[in-house]
Amino acid sequence: MTADLGRRVLEFDEVEHQWISMPDGVRLAARIWLPRKSVPVPAILEYIPYRKRDMVRARDERNHPRFASNGYACLRVDMRGSGDSEGHMPDMYSDDELADARHVIDWIAAQPWCNGKVGMFGTSWGGTASMQAAVKAPRALKAVIANCATTDRFEDDIHWMGGCLLTDSFEWGATLPAILAAPPDAATVGPGWKEMWRKRLQGLSFPLSAWISHETRGAYWRHGAVKFSTDDRSCPILAIGGWADRYSNSVIGLVEARPDLCHGIVGPWGHHYPDHGEPGPAMSFQDVALTWWDHWLKDAPMPKWPQLRLWQRAFDVPADRIAMRAGRWIATDPSETHATESAFYPGKDGLSWRAGPGTRHSVPTDTQHGACAGDTGYFGRIGGLPLDQSLDDARALCFDTESLESEILLVGHAEFCCGIVRDMAQAQLVCRLCEVDPNGRSNLVTRQVANLQRDVTLDGDARFAPGQIAHLCFRFPSTAYRFSKGNRIRLCIAASYWPLVWPAPFQASMQVDTGGARLALPCPSDVSPVADMPPPGHLPPDPSWESTAEGPLCRETGEMANGGIFHLWRQPWSTTRFPELGLSFSSTTEMKCTTSTKDHAVQRCAVSVVYEIERPDGTARIESSLFGRTEPDGMSVALELDALWNGEVVAERSWLHGHKA
């Protein structure tokens, strides 16, 4: 195969399927791109469970051929229990998964086409797996790139936030079993594919039950969380994120903890590789990655990169979808600078530059607060950005500044400290930081939620006395933002955030005590504008696939006949076809959350995921349906999964978490 991918023309060979044996006999499946010239060469590994043969085949072909054309051996490996690989996956980041990554790296380094130097990269799960491999790294692993990845599985992942359960957990709880239930391909693994599939379906797990059950940041969530292995990181990490994706919170912390090893880039986009980043401006991930690989794997000179390059947002008119964000690229080096801060004090007159006498303010209990929240950005869907926050602001306790006389810069973690008085231990508190223009449009800057029952470590329970002041500090996720002259800063406080956050079972009565309360907006002293990042190119130049969809992503909110409120989004049926393989991968997902306007303790969440894989030998279809509910007597979640081949049922699986279906 010959490819012209921008820098120069090189020939490479493509190995569609290669077995890699693990010490316990399980074989992992790899797709490999090998340069024909100048071997042995450094190698680059991407290690994920997202089906190399079909599900993310198109995405793989944006990255690996480009790297191979620049003199790297490239491998895409399916994790055990997924895609074309053997074995069983009981949960994310199992001991076998972490050990397999190291064995794969050792196997790569020992191949005759590898010179012993290996890099590793990935997005989301793959980025997190890369950082995990960088902890006490194998000798051959010289550098990693982690895109849209997390260092803190409990606080900055898809499951929990501030000790509060995210409804994203339910979507992922229905999606992951569906991915793992899809069959290996006969064209790659051979005639034993169906027996492999049956064993996989028999061993299929329901990890959502564990995600819900582990309500504090204990050993379960610390396992695989590299935030707690700072001193054991032993190879360079380039961390990349996007402000529209909450995983971006890990980037600044990673660089601050190990500036000797880590560089960071955070753009405006969501949960994507940045060359397909939206909101834009997007960035050529491949060019940035090659600069990184050329230095660490080929000993090329390292350019004078700042430790952190961040897209500093500015006010945008809020919308479900924004093609290009307002703002600019800035640079800072957290290891060499001290942060200054702008401080504001809430009180009866709003947010002031000076502290005033303490006052108490009731926190509204409107269960519709959160209707303007948008998505969390985890799944890389287009759109779903936070809407105009004005309606949610009206459902919250708000403190506003006067119109700003000059711009205010925020880079890092804003922090709000106050006193809270409440009547029960179990309660939620939500803080949003917004910018409001003269027309009254409210633009979300950052947000945080807290389960007030938990202490600051999220490991245990906080002390509580009814009616007594409890001091609380909200540390918002990191961001970079410029508040404009003439606009106002608004701090909003509420008691729930449906449908992003699963509500507390009972509605607490709460007051904010502003005695000693303070909002701090930090900004490093060395922040400076930098040149734009390289724009993305068109990759690959001659795609092997064609994609169609039955319409745009749909989002709806409305009232139900029984007086409740529903929030729904639907990803329409979409198909990616690979004509040369006679293969197509189709999918659709729908999520609907409802809540009662009469009873705060009654919530429902339903998720439907369907995958269909058409191959020359037949058609596989996976149907996964999840239903979660909370009533005054507790929560339950049920999952039904059907696997079909040519319309006939191969397996029916069901799981239940909680006391009733």
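Dividing the Cα convex hull volume of the stretch 114-202 by residue count, how many Å³ per residue is that? Show your work: numbers first, answer last.
Values: hull volume 13.4 nm³, N = 89.
Measuring per residue, one finds 151 Å³ for the Cα hull of the stretch 114-202.
Cα gyration tensor of the stretch 110-260, axes a ≥ b ≥ c as square roots of the eigenvalues: rounded (a/c below 1.5), prolate (a/b > b/c) or oblate?
Values: a/c = 2.16, a/b = 1.12, b/c = 1.92.
Since a/c reaches 1.5 but b/c is at least a/b, the shape of the stretch 110-260 is classed as oblate.
Within the chain, what percent of beta bridges assigned by DSSP are antiparallel, to the nearest 5?
On the way: 147 of 179 bridges.
Roughly 80 percent of the DSSP beta bridges within the chain come out antiparallel.
So how do H103, H271 rank on accessible area, 1.4 Å probe, biggest first, that is with the largest at the start? Intermediate values should be presented prior to the final figure.
Values: H103 70, H271 25 Å².
Highest to lowest solvent-accessible surface, that is H103, H271.
Suppose we take every Cα in the stretch 534-599 and form the convex hull; what volume per residue is that in Å³?
Numbers: hull volume 9.5 nm³, N = 66.
Once divided by residue count, the hull of the stretch 534-599 is 144 Å³.
Would you rank F578, F315 by solvent-accessible area, highest first, keeping every protein chain in place and using a 1.4 Å probe? Don't jump to the answer; show the numbers that get you there.
On the way: F578 5, F315 40 Å².
Listed by decreasing accessible area, they come as F315, F578.
Skip the ligands, DNA and RNA, and give the accessible area per residue of the chain with a 1.4 Å probe, whole Å².
Values: 24350 Å² over 661 residues.
Per-residue accessible area for the chain comes out at 37 Å².
Can you give the convex hull volume per residue for the Cα atoms of the stretch 536-661, as a whole number of Å³? Intermediate results must be reported in sequence, preceding the final value.
Numbers: hull volume 19.9 nm³, N = 126.
Enclosed volume per residue, from the Cα hull, is 158 Å³.
Take the alpha carbon gyration tensor of the stretch 328-470, find the square roots of its eigenvalues, order them as a ≥ b ≥ c, and report rounded if a/c is under 1.5; if not, report prolate when a/b exceeds b/c, else oblate. Before the final figure, lay out the partial values.
Details: a/c = 1.29, a/b = 1.22, b/c = 1.06.
Since a/c stays below 1.5, the shape of the stretch 328-470 is classed as rounded.
Convex hull over the Cα atoms of the stretch 82-140, averaged projected area in nm²? Let's see the in-between values first.
Values: hull surface 18.3 nm².
Hull-based average projected area comes out at 4.6 nm².
Using a 1.4 Å probe on the protein chains only, how many percent of the accessible area of the chain belongs to carbon and sulfur? Before the final figure, lay out each step's value.
Values: 12050 of 24350 Å².
That fraction is 49 percent.
In Å and on Cα atoms, what radius of gyration and Dmax does the chain show?
24.8, 77
Give the Debye-formula value of log10 I(q)/I(0) at each listed q (0.15, 0.17, 0.19 Å⁻¹), with one equal scatterer per alpha carbon of the stretch 227-368, two decimals each.
Cα-only, vacuum Debye calculation for the stretch 227-368: -0.92, -1.05, -1.17.
Can you check what the net charge comes to around C492, using other residues whose Cβ is under 11 Å from the Cβ of C492 (Lys, Arg +1; Asp, Glu -1)? Please report the intermediate quantities before stating the final value.
Numbers: positive: R395, R432, R447, R490; negative: D392, D393, D400.
That works out to +1.
Can you give the helix-only mean residue ellipticity at 222 nm for the chain, where every DSSP H stretch with n ≥ 4 adds -39500 (n - 2.57) and the sum goes over all residues, rounded to the nearest 500 deg cm²/dmol? Mind showing how you got there, number by number?
On the way: 11 runs with 102 residues, N = 661.
It lands at -4500 deg cm²/dmol.
At 1.4 Å probe size, put S584, S574, S213 in order of accessible surface, largest to smallest. Let's see the in-between values first.
Values: S584 10, S574 30, S213 65 Å².
The most accessible residue leads, giving S213, S574, S584.
What order, most packed first, do the peptides 607-615, 643-651 have when packing is the mean number of other Cβ atoms within 10 Å of each residue?
Packing proxy ranking, top to bottom: 607-615, 643-651.
Quick check on the stretch 392-482: take the gyration tensor over C-alpha atoms, sort the square-rooted eigenvalues as a ≥ b ≥ c, and tell me if it's rounded (a/c under 1.5), prolate or oblate.
On the way: a/c = 2.59, a/b = 1.83, b/c = 1.41.
Prolate is the answer for the stretch 392-482, as a/c is 1.5 or above and a/b outweighs b/c.
The values are calculated or read from the model by the stated rules, or taken from the named source; none is laboratory data. Please read all numbers here as calculations on a predicted model, not as lab measurements. When we count neighbours, we look across all protein chains shown, and the Cβ atoms used for this are built from the backbone with ideal geometry, even at glycine. We work out accessible area using only protein heavy atoms, side chains counted, and drop any ligands, DNA or RNA first. Shrake-Rupley method; radii C 1.70, N 1.55, O 1.52, S 1.80 Å.
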